[in-house]
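Have a look at the structure below, then the notes.
The values are calculated or read from the model by the stated rules, or taken from the named source; none is laboratory data. What you are looking at is a predicted structure, and each value in this text was computed from that prediction instead of being measured. Positions of Cβ are generated from backbone atoms using ideal geometry, with glycine treated the same way; all protein chains shown enter the neighbour counts. Just the protein is used for accessible areas: all its heavy atoms, side chains included, with ligands, DNA and RNA removed. Shrake-Rupley method; radii C 1.70, N 1.55, O 1.52, S 1.80 Å.
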Amino acid sequence: PGVGGMGLGFVARILTETGAREGYTVNFYHQKGLAQRNGAVVSHVIYSLEGTPVSQRIPEGKADLILGLDFLETVRGLSLASAPRTGVVCNTARTPTVLMLMGENRFPEGIEERILRCSDRDRYMGADFFRLSEHYFDNRLYANSMMLGSAYQLGLLPAHADTVEAVIRESVGKDERENNLRAF
């Protein structure tokens, strides 16, 4: 889950292509919604072994990983999570909604606790990836690649780093390639 403009399509593309190269049957569903206007975006990427029946969307409680590019939108994705099964890598940066910007709403409290209740606490990583990306690259653009790298380092991506890096190399323009690889 994420918000338009955060690079969710990029992440989904990297995961989809990586899974295919690793020999999985990959099913993919991408819902843009109002992505062009900072609206909610969600992608489902399902890896399965040959002959294993799968759906296009992840069933409730069956996600192995939620890569939450937006803190609030991660909560929406929790219907796919279950405490014993789901690892979460979450961007804890507080991105305000339109109502928050207008002063009609405040950022809700207790989001991280809710995420931890609905997922495997031992496979959770929450960090302000926007701040980290700005620190290392002077730009928020690479937060999504940093999150992919974090998921990999936590053992939450069933793929080899070489495969992910090759897909990034082929999917990103020359100007952004090295920073995306460093961020991963």
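Computed quantities for the displayed model
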quantity	calculated
Residues within the stretch 98-111 that are out of contact with any helix residue (DSSP H, G or I) (no Cβ under 8 Å at 6 or more places or on another chain), surrounded by 11 or more Cβ atoms within 10 Å (Cβ to Cβ) and at pLDDT 65 or above, tallied	0
Given (1) in contact with a strand residue (DSSP E or B) (Cβ under 9 Å, 6 or more places away or on another chain); (2) on the phi > 0 side of the Ramachandran plot, number of the condition GLY61 does not satisfy	(1)
Subset of the stretch 85-97 that is at pLDDT 90 or above and open to solvent by 30 Å² or more (accessible area, probe 1.4 Å) - its residue that is nearest to SER145 (Cα to Cα)	THR92
Residues of the stretch 18-54 classified as within 23 Å of GLY5 (Cβ to Cβ) and modelled with pLDDT of 85 or more, total	5
Residues of the stretch 116-175 that turn out to be open to solvent by less than 50 Å² (accessible area, probe 1.4 Å), part of a helix (DSSP H, G or I) and hydroxyl-bearing (Ser, Thr, Tyr), as a count	6
From ARG13, ARG57, residue being modelled with pLDDT under 85 and open to solvent by 30 Å² or more (accessible area, probe 1.4 Å)	ARG57
